[in-house]
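Enquirer: Here you go, one structure.
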Amino acid sequence: MLIVDDAILDATETLQASDFYQPVNQAIFASVMELWKEGKAIDVVTVAEKLKNTGLPEAAISTGALMSLTAGTPAATNSQQYCLIIKQLSMCRALISAGGAVAELGYGRPEDVDQLVEVAEAEVFAIGAGAAKDTLEAARTVADKTLNQLEELFDGDGTKMAEVLHTFGD
């Protein structure tokens, strides 16, 4: 996302900050998303500046640290695949957590085992449903941002838009 702008679109369609395991990566992602939503430049300098007041160690969020992060990215063109890997690992962590919670309930020797099975199913279903919901919300956000950019581009009165549409008609 710090290398190729298209990576941000891939990320908004797939990820949330909570999908990252390490708090530093969560903060970096959240900062990039905030800058993107604000329509500001996204690079190692602007992201490092945005991260200054997060309470994270300076060594982890400095411009140099972010440059190292970008230098360690094998191929920026594979961002969609990287997002998918992060999302899958996040879902695995959620499943492990849900499994632990269900195991605790099972060790408690519940009187209604059928209800425990329903709770377990709901926990697992929520993980899959959450992934689908995140994608739909991100797509809506992308569409809203695109429409806002179009309105700004065309001065909000539609005259330039009408000219563009007329040009396409010719």
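The values are calculated or read from the model by the stated rules, or taken from the named source; none is laboratory data. In this text, all values refer to a predicted model and were calculated from it rather than measured experimentally. Note that we place each Cβ from the backbone using ideal geometry, even for glycine, and neighbour counts take in every protein chain shown. The accessibility values were calculated without ligands, DNA or RNA, using every heavy atom of the protein model including side chains. Shrake-Rupley method; radii C 1.70, N 1.55, O 1.52, S 1.80 Å.
Enquirer: With a cut-off of at most 15 other beta carbons within 10 Å, and DSSP calling the residue loop, which GluC sites (Glu not before Pro) in region 1-110 qualify? Please list them.
Expert: Answer in residue order: GLU38.
Enquirer: Could you pull out the chymotrypsin sites (Phe, Trp or Tyr not before Pro) across region 18-75 that fall in loop regions by DSSP (anything but H, G, I, E, B) with no more than 10 other Cβ atoms inside 10 Å?
Expert: Hits after loop and neighbour filter: nothing returned.
Enquirer: Post the alpha-carbon centroid distance, region 95-120 to region 29-64, in whole angstrom.
Expert: With region 95-120 and region 29-64 each reduced to a Cα centre, they are spaced 40 Å.
Enquirer: While we're looking at this one, here's another question. Quick one: 3J(HN,Hα) in Hz for region 106-117, Karplus 6.51/-1.76/1.60 with θ = phi - 60°, rounded, Gly and Pro as x.
Expert: x, 5, x, 6, x, 6, 10, 5, 4, 5, 4, 4
Enquirer: Enter the accessible area of ASP112 (Å², nearest 10), with the probe set to 1.4 Å and all protein chains included.
Expert: About 80 Å², rounded to the nearest 10.
Enquirer: Here's a follow-up. As a test question: what accessible area, to the nearest 10 Å², does LYS52 have when a 1.4 Å probe is rolled over all protein chains in place?
Expert: Accessible area of LYS52: about 120 Å².
Enquirer: Now for a separate question. Which shape class, rounded, prolate or oblate, goes with region 8-74 when its Cα gyration tensor gives a ≥ b ≥ c as root eigenvalues, a/c under 1.5 marks rounded, and past that a/b bigger than b/c marks prolate?
Expert: Note, shape of region 8-74 comes out rounded.
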